1. In whole Hz, what ³J(HN,Hα) sequence does region 110-115 give by Karplus (6.51, -1.76, 1.60; θ = phi - 60°), x for Gly and Pro?
2. What spacing in nm lies between the two simple spin-label points modelled at Arg174 and Ala45, each 7 Å away from Cα in the Cβ direction?
3. Mind checking the per residue accessible area of the chain for me, 1.4 Å probe, whole number of Å²?
4. What's the magnitude of the charge dipole for the chain around its Cα centre, counting Lys and Arg as +1 and Asp and Glu as -1 at the beta-carbon? Answer in Debye, nearest 20.
5. Would you indicate which of (1) 10.1; (2) 12.1; (3) 12.8 is the value of mean projected area of the Cα convex hull in nm² derived from the coordinates of this structure?
6. Need the C-alpha centroid separation for region 30-48 versus region 51-98, integer Å.
7. Enumerate the amide H contacts of Leu140 below 5 Å, restricted to partners 5 or more residues apart or on another chain; note that Pro and chain-start residues carry no placed amide H.
8. Below 8 Å, C-alpha to C-alpha, sequence gap of six or more: please give me the relative contact order for region 1-143 in percent.
Amino acid sequence: MTIRNLRAMPWIGEDPVLDLANTVICGAGPTHADIDLFADAELTASWRARATERRLALLPLEDLTVLRDLTRAALDASAGQRALPESVRTELNELASAAPVTFLVTADGRLDQRDTGGPAQAAAARQALLLAAGPEQARLRRCHAPSCGMFFLARRRDQAWCSLGCGNRARSARRKPQAPA
């Protein structure tokens, strides 16, 4: 991930839960350290400006960080086809319980679900649980390209990377000869 892409945040907009979870870029910093967008005021402001869920973007940084860490833990377990850690499941369930949902049958006879208020953290926690354990779980992946680690929803069964750029970086890294020890 280039610094230019980091500031442009082209991944924002697929899903509010993924937007939140992907505020940590794995191995993209100096000495391959992770980059936490919320640790930098300019990157945090940029994320807040681009985030599609406005109520979520307006949460205090401390609340965002706690919710992000819970969401990342849930998505990481789910993408790795592991059970959600009990503490993560319990905390997300507790948060989600404050976000009421109404079920409606649409004119074409389909069941529809509508949020009916509640705090932004509650709605985001419910969406994180839906993504981690609901029908989209089978599409949830974590990109293993160098300097990425983003969560994404696969569009194809065999999709391994979140973007073409990540696929190119991963293939290039495999072809590089290893330095002698």
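The values are calculated or read from the model by the stated rules, or taken from the named source; none is laboratory data. As the structure is a computational prediction, the values presented were derived from the model and not from experiment. Cβ atoms come from the backbone with ideal geometry, glycine included; neighbour counts cover every protein chain shown. All accessible areas refer to the heavy atoms of the entire protein, side chains included, with ligands and DNA or RNA removed. Shrake-Rupley method; radii C 1.70, N 1.55, O 1.52, S 1.80 Å.
1. Along region 110-115, the couplings run 9, 7, 10, 10, 10, 5 Hz.
2. 4.2 nm
3. Working: 10410 Å² over 181 residues.
Result: 58 Å² per residue.
4. Working: 24 positive and 20 negative charges, 215 e Å.
With Lys and Arg at +1 and Asp and Glu at -1, about 1040 debye.
5. Only one listed value fits the structure, namely (3).
6. Taking the Cα centre of region 51-98 as reference, the centre of region 30-48 is 18 Å away.
7. The list, which skips near neighbours in sequence, is Ala154.
8. Numbers: 167 pairs, mean separation 28.4, N = 143.
Taking the mean separation of contacting Cα pairs over the length of region 1-143, I get 20 percent.
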